[in-house]
Structures are given as structure tokens and as C-alpha cells.
1. May I ask you to list the residues in region 1-38 that are under 17 Å from ILE62 (Cα atoms) and of a type in the set (A, V, I, L, M)?
2. Does ALA22 meet the test of being out of contact with any helix residue (DSSP H, G or I) (no Cβ under 9 Å at 6 or more places or on another chain), among the aliphatic types (A, V, I, L, M) and without any contact (Cβ under 8 Å) to a residue 24 or more places away in the chain?
3. For region 34-44, state whether one or more residues are surrounded by 14 or more Cβ atoms within 10 Å (Cβ to Cβ) and outside any helix (DSSP H, G or I).
4. Only one of these conditions is not met by MET1: (1) of a type outside the set (Lys, Arg); (2) loosely packed, with under 10 Cβ neighbours inside 10 Å; (3) touching a residue at least 24 places away in the same chain (Cβ under 8 Å). Which number is it?
5. Tell me yes or no: at least one residue of region 60-79 is under 15 Å from GLN16 (Cβ atoms), in contact (Cβ under 8 Å) with a residue 24 or more places away in the chain, of a type in the set (A, V, I, L, M) and in contact with a Lys or Arg (Cβ under 8 Å, 6 or more places away or on another chain).
6. Residues in region 13-32: is at least one at pLDDT 90 or above and part of a loop (DSSP other than H, G, I, E, B)?
Amino acid sequence: MKKSEISALHESSIKQLLEKLAKTQLELVQARLALSANKLEDSSKVYRLRKEVAKIKTILTIKKQQEEQAKKDDNKAEDSSTK
């Protein structure tokens, strides 16, 4: 993945990332099947797809943690304002 593609993933929503993850995982399964049947011309494709899945999962985890932290901060702000 190029740096521009990675930065585009960081700007994507969680829903878009989940869709991209599903698509990439399906492509990875297909590439593994083709590799086992000796029909895959570029064997490094499996490696690249595994790395891409890992990057997407990492970005998803970061976004989810940021979302949870924002909720906690909002709750703390509400609690302190009601006291």
C-alpha cells in the first residue's frame, strides 16, 4: 500500500473500513486458493493482502479506541457539570 492509500484509510469511517476489510479478506482467501492450485502468477500477492488486512485492522482498532475515549470524555464532562 502506498502512503496515500494508508492516509485515505485513516480518513475513512469505521463502516467504510469494515467494508474494505471484508473485501480484502475475500480477495486474500481467493488468492490463497489460487496459490494452492498453482494458478496464482504473483505469489507475493498473498503476502501483500495479509499486510493490508493487518493495516486495516490496526486503523479500525485505533478509531474504535478514539471513539470510546471521546465517549468517556463526554461522560466525564457531563458528570462534572452536573455536580
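The values are calculated or read from the model by the stated rules, or taken from the named source; none is laboratory data. Computed from a prediction, not measured in an experiment: that's the story for all the values here. Glycine gets a Cβ as well: all are built from the backbone with ideal geometry, and neighbour counts include every protein chain shown.
1. ILE6, ALA8, LEU9, ILE14, LEU17, LEU18, LEU21
2. Against the criterion (out of contact with any helix residue (DSSP H, G or I) (no Cβ under 9 Å at 6 or more places or on another chain), among the aliphatic types (A, V, I, L, M) and without any contact (Cβ under 8 Å) to a residue 24 or more places away in the chain), ALA22 qualifies.
3. Checked region 34-44: at least one residue is surrounded by 14 or more Cβ atoms within 10 Å (Cβ to Cβ) and outside any helix (DSSP H, G or I).
4. Of (1) of a type outside the set (Lys, Arg); (2) loosely packed, with under 10 Cβ neighbours inside 10 Å; (3) touching a residue at least 24 places away in the same chain (Cβ under 8 Å), only one is false for MET1: (2).
5. No, region 60-79 has no match at all.
6. yes
Matching residues to (1) of a type in the set (D, E, K, R); (2) in a helix (DSSP H, G or I); (3) surrounded by 11 or more Cβ atoms within 10 Å (Cβ to Cβ); (4) modelled with pLDDT under 90:
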| site | (1), (2), (3), (4) |
| --- | --- |
| VAL46 | no, yes, yes, no |
| LEU60 | no, yes, yes, no |
| GLN65 | no, yes, no, no |
| ASP73 | yes, yes, no, yes |
| GLU78 | yes, yes, no, yes |
